[in-house]
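To start, the structure under review is shown below, and the notes come after it.
The values are calculated or read from the model by the stated rules, or taken from the named source; none is laboratory data. From a predicted model like this one, the values you see are computed outputs, not experimental measurements. Please note: Cβ atoms are built from the backbone with ideal geometry, for glycine as well, and neighbour counts cover all protein chains shown. What goes into the accessible areas is simple: the full protein's heavy atoms, side chains included, and nothing from ligands, DNA or RNA. Shrake-Rupley method; radii C 1.70, N 1.55, O 1.52, S 1.80 Å.
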Amino acid sequence: MNTVISVSGVSKVFNQGRDNRVSALESINLEIDSGEFVSLLGPSGCGKSTLLRLIGDLTSPSTGAVLVNGKSAAQARRGREYGMVFQQATLYDWRTVSRNVQLPLEIMGHSREQREARTQEMLKLVQLESFGRHYPWQLSGGMQQRVAIARALAFQPSILLMDEPFGALDEMTRERMQMELLRIWEQTKNTVVFVTHSIPEAVFLSSRVVVMSARPGRIAGIINIDVPQPRNFETREHPRFFEKITEVRECLRQGETNTHKGPPS
Amino acid sequence: MTVAQTVELGLDENQRDAQWRLALRRAASFLLILLLLCGVWEGYKALGQATRGKVPFTSLKLPIRPDDKSMPHLWTIGGSLLQPARRGGEDILLVILLKAALFTWREAVMGFVGGSVIGFLLGAIFGRFLLFERSLMPYIVASQTVPLLAIAPMIVIWGGRLNWPAWWSVSIISAYLTFFPVTINTLRGLRSPNLTAVELMRSYAASEMQILLKLRLPAALPYIFTALKVSATASVIGAIVGELPSGIQDGLGRVLLTFSYYYISGPEKLYASIVGAAALGILFAVIVALAERWIVPEGRRLSE
Amino acid sequence: MSQVADLAAPIEQELLPQPGAASRWRDRLRRFLPPAIVFVLALVLWEAVVNIFHIEGFLLPKPSVIAATFIAESSVVFPAGLFTMREAVGGFVLGSLLGIAIALATARWAAVAEGMMPFAIAVNSTPIVALAPIMNQWFGITNPLAKMSIVAVIVFFPVMINTVKGLTQVDAAALELMRSYAATDLAVLLRVRIPNSLPYLFSALKVSSTLSVIGAIVSEYFGGSREALGVYISQQAALFHFGEAWSAIIIACLMGIAFYAILLTLERLIMPWHVSIRATDEE
Ligand SMILES: Nc1ncnc2c1ncn2[C@@H]1O[C@H](COP(=O)(O)OP(=O)(O)O)[C@@H](O)[C@H]1O
Ligand SMILES: [Mg+2]
């Protein structure tokens, strides 16, 4: 497996030189291979979003470097390698569902036929074929989030960056969406970086879980999830699943105590 | 002092800093634009006079004649303030304008107060009784499509019949413009608390009156003040427009009318009077804005 | 300013078509019946009061008299209204195009847009009609451009400010999304900023529509063509012909409301996604 994303020696300080200075991330090293599903897990405020945004070049590191396929993150972004999904679906009110999915294709200059074919395909993938002409406000939260995923996948980016995409959904919808995401991931063979603060979600979805601790944001440990693939509803009852959940929880607790013992930041 | 308090103070100071910087930047760009506009005015004049009123290199006439009648020099306008307004008159224009502005302001303040009270009451009634809103709101909105100037003479005549001082009628006209924003925003503000906030009050078995006093009114306050700022300038405009057909001799409306009749003999005086009228409107709006700062806590004010 | 900008929003909600064919008629009845009853009652009361107290016609003409005058004078009042409407619409188009153009040009530089604010406030506080004599001098007293320019000044600032607001107050996440696509500034302008500004723009346009009719009429007070509605009103009022004046006022109101309704319809057509269209069943 070849490395796709490589984060080395990265730290991020907000408001440098002012009295509301925040050290959000410190000495982060992380390598992600092609086709991996990696979760970033940790308590809120530990810098998960910041790390994801660094990878996606929505913000830049204070020190260190983020490389994607050997290029800088900025180059990767300009090369349109990222599909992003945020906690809020961020659909444009003024566009119908299918026009929302088409948005990146328009910007990237695809022809009309290509766009429409692709949109149809994507809507089918997220099982919303019949909702193309609806406006976002006519959809439930879960449906909106599926549109956002369809939009992120529409231009076939090689890397999917997701920041708590299911955070605002109820438990039932959430589990269904997780299954759907895995199904899509198996089909597309994308590299996925997935931010969450739910332990079962991280374990269920990922091939690796990056456990982070707060103040300053650090990687407390990286845990391989060797729960058999493909995952399905039986996975949640698999003994290995529970063992891994325990292991991740243990790692989180350790990260916490280390922080408390460590020097004040 | 606890840690939390220090942190808050720190934030406060930062915010204040940012506010100052913002104010400074606004002032700077304001002055720059003002300078630019003055430059355009004088530049247009100079250019037009050089080309004898033609667009350069063509035989097309400029849309506005660049002569001193159409466009007096800015310094002529400024200077006219310090000269007697009428030949042989005693008062300089500035004094005349100040007196007239004071007179008009009195009308405007009364219209503002009356209009705001009526506007608030209407908003409160509409907020409480949907039927009233449904049956009257369309007419309230339509009332603002009536050209004031057309009804002003009638109101003046009614006032004359009732032996009111003429300026009361002008105040009523001014109130006609004032009440509307207050009604709309009072209604909007009273309806602004979300359902859960109302349900919380219901869970305490609060009476309608208590809900009004403890929830809806405080919630409406920022909305009302936003409307009052609009109304302040509207009341001045209403007073000036109301004076035009009323035959009142002492206000800014009459001054504007007189100088527009005698435009040819001194256009700069009309320009200066318009600036004076604008200054009165701005002054009143600023006063209400200061009152808002004093009454509505920071962070609850609606931004422009 | 924006908080009162969309003045008629509360009733607009009422005017909206609601879904559900069965309850539709009942809804409509519930919405339009009360104002209609008030209308009839007010007219009857008005007529009665004038009759009972023998109020002279020059103080308050009876509705029946106004109606009769309206019909008798319609051959004068309607063309006058049309004449003034042309000025209002001309100035409205001029002012809003200019406002939109300046907004597009300056929205990139926040400082410039902010620097315009004090001017907007100042102009807002000025009785713009006081500029009428100056415009008459500039363009000629009977030149429609003189009135159009007044209307344009009235329309310009609300439109410009609201457009700048709409272009700049964009959801940060919407912009980040575009950044993740490495979209050009032009693409961001066309696909995010401009659509985002449309609701702001329309709320300014709607308010300006009624103001521009009033502005045209009032600026005619300082002199204008004899065909103009404002000139007609001030002449008739000066002669205490209030029946005639009221007829003209009715025309003026109708024009203002019609202009507003046209913009409302246009808004619905251009922004089928807009919040105000999301009719919900309240009961
Ligand atoms: N734009 C910003 N400016 C200042 N501080 C920020 C900014 N973004 C994040 N932070 C700070 O960085 C830390 C990590 O934030 P974030 O990455 O959002 O955490 P998480 O996503 O894990 O909840 C937090 O303490 C947060 O307050
Ligand atoms: Mg986060």
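According to the Kirkwood expression over distinct Cα-Cα pairs, how big is the hydrodynamic radius of chain C, in Å?
21.5
Taking a probe of 1.4 Å, how large is the accessible area per residue of region C:60-282, in Å²?
Here the residues of region C:60-282 average 39 Å² of exposed surface.
Please get the size of the charge dipole for chain C, origin at its Cα centre, with Cβ charges of +1 on Lys and Arg and -1 on Asp and Glu, quoted in debye to the nearest 20.
460
Looking at B:G251, B:S174, B:H73, which one has the Cα that reaches farthest to the positive end of the dipole of chain B (charges on Cβ: Lys, Arg +1; Asp, Glu -1)?
Of B:G251, B:S174, B:H73, it is B:H73.
Each residue of region C:230-235 in turn: what ³J(HN,Hα) in whole Hz from Karplus with 6.51, -1.76, 1.60 and θ = phi - 60°, glycine and Pro shown as x?
Those phi angles translate into x, 5, 4, 4, 5, 5 Hz.
Got the relative contact order for chain C handy, in percent, Cα pairs under 8 Å and 6 or more residues apart?
It rounds to 27 percent for chain C.
For each pair in B:K229/C:K206; A:K124/A:K244; B:K214/C:K206; C:K62/C:K206, compute the distance between the two Cα atoms and list the pairs where it is over 23 Å.
Where the Cα-Cα span goes over 23 Å, the pairs concerned are A:K124/A:K244; B:K214/C:K206; C:K62/C:K206.
Per the Debye formula with a single identical scatterer at each Cα and no solvent contribution, what log10 I(q)/I(0) holds for region B:107-150 at q = 0.28, 0.32 Å⁻¹?
The Debye formula, applied to the Cα set alone, gives -0.99, -1.03.
Expressed as a whole percentage, what fraction of the accessible surface of chain A belongs to carbon and sulfur atoms when a 1.4 Å probe is rolled over the protein heavy atoms?
About 49 percent, which is the carbon plus sulfur part of the accessible surface.
Relative contact order of region C:111-185, please, whole-number percent, based on alpha carbon pairs below 8 angstrom and at least 6 residues apart.
It rounds to 28 percent for region C:111-185.
Once phi is turned into θ = phi - 60°, what whole-Hz ³J(HN,Hα) does the Karplus curve with 6.51, -1.76 and 1.60 give for every residue of region C:114-127, x standing for Gly and Pro?
With the stated coefficients, region C:114-127 comes to 5, x, 6, 3, x, 5, 4, 5, 4, 5, 4, 8, 9, x Hz.
Using +1 at the C-beta of Lys and Arg and -1 at the C-beta of Asp and Glu, which of A:S8, A:H110, A:A148 has the Cα lying farthest in the positive direction of the dipole of chain A?
In chain A, that residue is A:H110.
For B:Q83, enumerate residues with amide H under 5 Å from its amide H, sequence gap 5+ or separate chain, H modeled in the peptide plane.
B:L93, B:L94
So, with +1 on the Cβ of K and R and -1 on the Cβ of D and E, and no other charges, what is the size of the charge dipole of the protein assembly as shown about its Cα centre, to the nearest 20 debye?
That gives a dipole near 900 debye.
Between the chain alone and the structure with every protein chain in place, find the residues of region C:24-38 that drop at least 40 Å² of accessible area; heavy atoms, 1.4 Å probe.
Buried-area filter returns C:P34, C:P35, C:V38.
When chain A is treated as a GNM, springs tying every alpha-carbon pair under 10 Å, which of A:R112, A:R183, A:R151 comes out with the largest mean-square fluctuation?
A:R112
Determine the dipole magnitude for chain A: charges of +1 sit on the beta-carbon of Lys and Arg, -1 on that of Asp and Glu, nothing else is charged, the reference point is the Cα centre, and the result goes in debye to the nearest 20.
The calculation lands at about 640 debye.
For region C:161-283, what is the relative contact order in percent, using Cα pairs closer than 8 Å and at least 6 residues apart in sequence?
Relative contact order comes out at 24 percent.
I'd like to verify something in chain B: which complete DSSP H helices, judged by Cα projection on the helix axis, reach 15 Å or more and average at least 0.0 on the Kyte-Doolittle scale?
Helix filter hits for chain B: B:3-50, B:93-128, B:130-143, B:148-161, B:166-190, B:217-243, B:267-295.
Run the simple label-point estimate for C:L45 and B:E298 please: 7 Å along Cα→C-beta, distance reported in nm.
Placing both labels 7 Å along Cα→Cβ, they lie 4.8 nm apart.
Taking amide H positions as placed in the peptide plane 1.01 Å from N, state which residues far from A:M212 in sequence (5 or more) or on other chains have amide H under 5 Å from it.
Under 5 Å from the amide H of A:M212 lie the amide H atoms of A:L41, A:G42, A:A220, each far enough along the sequence or on another chain.
Taking the protein assembly as shown as the region of interest, what is the percent of Cα-Cα pairs per 20 angstrom bin, listed from the shortest bin to the one with the maximum distance?
For the protein assembly as shown, the pair-distance distribution reads 12, 37, 31, 16, 3, 0.
Would you be so kind as to identify which of B:I155, B:L98, B:F57 lies farthest towards the positive end of the dipole of chain B, taking Lys and Arg as +1 and Asp and Glu as -1 on Cβ and the Cα centre as origin?
Of the options given, the answer is B:F57.
Over chain A, average the accessible area per residue using a 1.4 Å probe and give it in Å², no decimals.
45
Which net charge results when you count Lys and Arg as +1 and Asp and Glu as -1 among the other residues whose beta-carbon is under 14 Å from that of A:Q120?
Spelling it out: positives minus negatives among the neighbours equals +3.
What does the convex hull of the Cα atoms come to per residue for region A:90-228, in Å³?
132
For region B:77-295, what percent of Cα pairs sit more than 20 Å apart?
Percentage above 20 Å: 63.
May I have the convex hull volume per residue, in Å³, for the Cα set of chain A?
137
Note down, for region A:48-143, the three equivalent ellipsoid semi-axes (square root of 5 times each alpha carbon gyration tensor eigenvalue), biggest first, whole angstrom.
30, 17, 10
What's the center-to-center distance, using Cα atoms, between region C:223-248 and region B:164-193 in Å?
Measuring centre to centre over Cα atoms gives 27 Å.
Which whole-Hz couplings ³J(HN,Hα) result when phi for each residue of region A:119-127 is put into the Karplus expression 6.51 cos²θ - 1.76 cosθ + 1.60, θ = phi - 60°, listed in order with x for Gly and Pro?
4, 4, 4, 5, 5, 5, 4, 9, 6
Using Cα springs under 10 Å in a Gaussian network model of chain B, which residue among B:Q210, B:Q249, B:Q83 shows the largest mean-square fluctuation?
Highest fluctuation among the options: B:Q210.
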